[in-house]
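For reference, the structure is listed below as structure tokens.
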Amino acid sequence: MHRLTKAQARRIAVRAQLLDAPRPSELLAVVQQLTLLQIDPTATIALSADLVAWSRLGSAYEPAHLRQALEHDRTLFEHNALVRPMSDLGLYLAGAADWPSYERTRDWLRDNDRFRRDILNLLGSSGPMTSRDIPDTCVAPWASTGWTNNRNVTQMLESLMMRGEIAIAGRLGRQRLWDLAERVYPADVVVPSVDEAHRVKNERRLASLGIARQKSTKMPLEPIDVGEAGEPAVVEGAKGEWRVDPAALDKDFEGRTALLSPFDRLVHDRVRAQELFDFEYTLEMYKPKASRRWGYFALPILHDDCLIGKIDAAADRKASVLRVHAIHEDVRFTRTITKAVDAELADLAAWLGLGTVEAS
């Protein structure tokens, strides 16, 4: 059993997320370590996948690098709203032929098998294509009380992606381009058993987080727990047992200052952020303006091994200004911290191609 102080646990987490110094230098290496970049359309400052990459790589990163890796080099792939390294593809194709596990979705796919074949035939002859260019030939519409109601083409495309029959070949603006999986994925991909894939995914996830719970709340897209991966640990001042990556122990630490996306994996597990960093955070874009404490798309601030506040900012592209509405200090900022945060804001503005930073 490893016994860690909170500072040790925080440093393990920060290093695992490549937010220590010195910075990494290659996008592929970053995604391989993080295991994923989450795709979200919100661009108050920048798209989250790009913002996460910038937090690691700095202004040397350009969004075009991500598109190059996805659409041309094929070193990364997009799957279920996440960008992952192509070297992990087999882990996400394991068990794909048996998807879905829900009877309702299985029944819908069975009733619309001709619709499925229509899409596969069309992509085979004319792909890649966007969803809006694919006719809806379903016989049993997808019923939902939410926004997916009767969105039959999108529902079938995403189902076929999860089954490994089709893949996202790229994007046309914000629209996904769909094609047969065999045209996007490498022919020599090795697909492990479901059990082996589950084990390796837990190991990969722990390596990217450094320290995590064995079992936790179920999350959409990607779990935050790691099963039996790693070794047991306890953290001073935190209840219960953790799992820690043994390769992350007893390493030197050099911190830096970073502005993080609200979807950044360092803060994505809000409970872990509270337990290890004493950091309270909620993404408030879905709240009424009057109910927000920190802002619509507030960026968590990392300084060394501590999460020290949030920045409420937005990119005013028309005026070429990064507008900082508020800086919320969870701890009192020293001159050193203030100077480091100001430098990150200036770098963010320059990376976005904005002329200046202004308080508003």
For this session: Please work out how much length the chain gains when fully extended from MET219 to ASP278, using 0.36 nm per residue of separation minus the C-alpha to C-alpha distance, in nm with one decimal.
Result: 19.1 nm
For this session: Return the sequence-ordered ³J(HN,Hα) values of the stretch 170-183 in whole Hz as given by the Karplus equation 6.51 cos²θ - 1.76 cosθ + 1.60 applied to θ = phi - 60°, using x for Gly and Pro.
Result: x, 9, 10, x, 8, 7, 6, 9, 9, 8, 4, 4, 5, 8
For this session: Calculate what fraction, in whole %, of the accessible area of the stretch 95-253 sits on carbon and sulfur atoms when a 1.4 Å probe is rolled over the protein chains.
Result: 50
Seminar exercise, completed: By the C-alpha gyration tensor axes a ≥ b ≥ c (rounded if a/c is under 1.5, else prolate when a/b exceeds b/c, else oblate), the shape of the stretch 201-344 is prolate
Problem set entry | Ordering of 94-107, 37-50 by packing [mean C-beta count within 10 Å, highest first] | 37-50, 94-107
Seminar exercise, completed: Sorted by chain and then number, the residues having a modelled amide H within less than 5 Å of the amide H of ASN80, at least 5 places away or on another chain, are none
Exercise. What ranking, highest mean first, results for peptides 70-76, 150-156, 12-18 when packing means the other Cβ atoms within 10 Å averaged over each residue?
Worked result: 12-18, 150-156, 70-76
Exercise. Hey, what's the stretch 1-144 come to in accessible area per residue, 1.4 Å probe, Å²?
Worked result: 45
Problem set entry | Gain in span if fully extended, ARG293 to ARG174, counting 0.36 nm per residue against the direct Cα distance | 39.8 nm
For this session: Could you pull out every one of the aspartates and glutamates with an alpha carbon less than 17 Å from that of LYS318, ignoring same-chain neighbours closer than 8 positions?
Result: GLU358
Exercise. Between ALA97 and GLU329, how many nm apart are label points set 7 Å from Cα along the C-beta direction?
Worked result: 6.2
For this session: Starting from the Cα of LYS339, draw a straight line to each of the lysines and keep only those under 23 Å, dropping any in the same chain fewer than 8 residues away.
Result: LYS310
Problem set entry | Computed label-point distance, nm, for sites VAL234 and ASP136 using a 7 Å Cα→Cβ extension | 5.8
Exercise. Residue separation times 0.36 nm, minus the C-alpha to C-alpha distance between ALA359 and ALA81: what's the value?
Worked result: 96.7 nm
Exercise. For the stretch 87-162, what is the Kirkwood hydrodynamic radius in Å, using each pair of distinct C-alpha atoms?
Worked result: 13.4
Problem set entry | For the stretch 270-358: rounded, prolate or oblate by the Cα gyration tensor [a/c cutoff 1.5] | oblate
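The values are calculated or read from the model by the stated rules, or taken from the named source; none is laboratory data. The structure displayed is predicted, hence computed values, not measured ones. Cβ: placed from backbone, ideal geometry, glycine included. Neighbour counts: every protein chain shown. For accessibility, only protein heavy atoms count, side chains too; no ligands or nucleic acids. Shrake-Rupley method; radii C 1.70, N 1.55, O 1.52, S 1.80 Å.
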